[in-house]
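K.L.:
I'd like to ask some things about the structure below.
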Amino acid sequence: MRERQASQGARRAREFEAFVAGAAGRLLHTATLLTAEAPDAHPRARRLLTQALAHTYASWDRLRGEDPYVRTRAYLATRFAHRAWHEYGARRSRPHPGSALAGLTPQERLVVVLRLYEGVAEEQTAALLGLPTERVRAVCARATATLLHPPRPPTPTATGAEVAAS
């Protein structure tokens, strides 16, 4: 009995290691986009990915034909959404200013990454996030518009004293 459990454990470990070898790079990039950290230093993204992979490993035997990448990505997204909900506005959750997605809210980043980077359908994104499909569509459109046409920094205006001096 113990030999059988040991061989199942070894098989499970090999399968999971093969999955991580193939998917960890893309999942780390997804986590980095979600956290909007700098690509060279991304501790929150690594921590988020570690949690998602640990969750996937814990439920590995229950996947039964399910795609482990989809399961890990879903956990990554829901964990990010949960954490962003509790930390939004806190100093430690602010995105890196050099990130392309830094100007977006956490919800906008989540929708954009799932829809545009990962290619998840609107209906699936809505179901994953617990939002109506129309809301996902609106958030994605607003975020895309912000990315394409970022808000301009305020221009310095002349004060009354500067106008009088000229």
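The values are calculated or read from the model by the stated rules, or taken from the named source; none is laboratory data. Worth saying up front: this structure is predicted, and the values here are computed from it rather than measured. Cβ coordinates were reconstructed from backbone atoms using ideal geometry, including for glycine residues, and neighbour counts include every protein chain displayed. Just the protein is used for accessible areas: all its heavy atoms, side chains included, with ligands, DNA and RNA removed. Shrake-Rupley method; radii C 1.70, N 1.55, O 1.52, S 1.80 Å.
K.L.:
Relative to the present Cα-Cα distance, how much length would full extension add between residue 40 and residue 2 at 0.36 nm per residue of separation?
P.N.:
9.3 nm
K.L.:
Each residue of the range 3-14 in order: what ³J(HN,Hα) in whole Hz does its phi give by Karplus 6.51 cos²θ - 1.76 cosθ + 1.60, θ = phi - 60°, with x for Gly and Pro?
P.N.:
5, 5, 5, 5, 5, 5, x, 5, 5, 4, 5, 5
K.L.:
Percent of accessible area on the range 1-62 owned by carbon and sulfur, 1.4 Å probe?
P.N.:
Roughly 55 percent of what the probe reaches on the range 1-62 is carbon or sulfur.
K.L.:
So what's the gap between the Cα centers of the range 23-65 and the range 101-157, to the nearest angstrom?
P.N.:
The range 23-65 and the range 101-157 have Cα centres spaced 20 Å from each other.
K.L.:
Of the peptides 28-39, 139-150, 10-21, how do they stack up when ordered by the mean number of other Cβ atoms within 10 Å, highest first?
P.N.:
Result, highest mean Cβ count within 10 Å first: 28-39, 139-150, 10-21.
K.L.:
Scan around residue 38 for amide H atoms under 5 Å from its own, H built in the peptide plane at 1.01 Å from N, and keep only partners 5 or more places away or cross-chain.
P.N.:
It is 96, by chain and number.
K.L.:
Report, by chain and number, residues whose modeled amide H sits under 5 Å from the one on residue 120, excluding near sequence neighbours (fewer than 5 apart, same chain).
P.N.:
115
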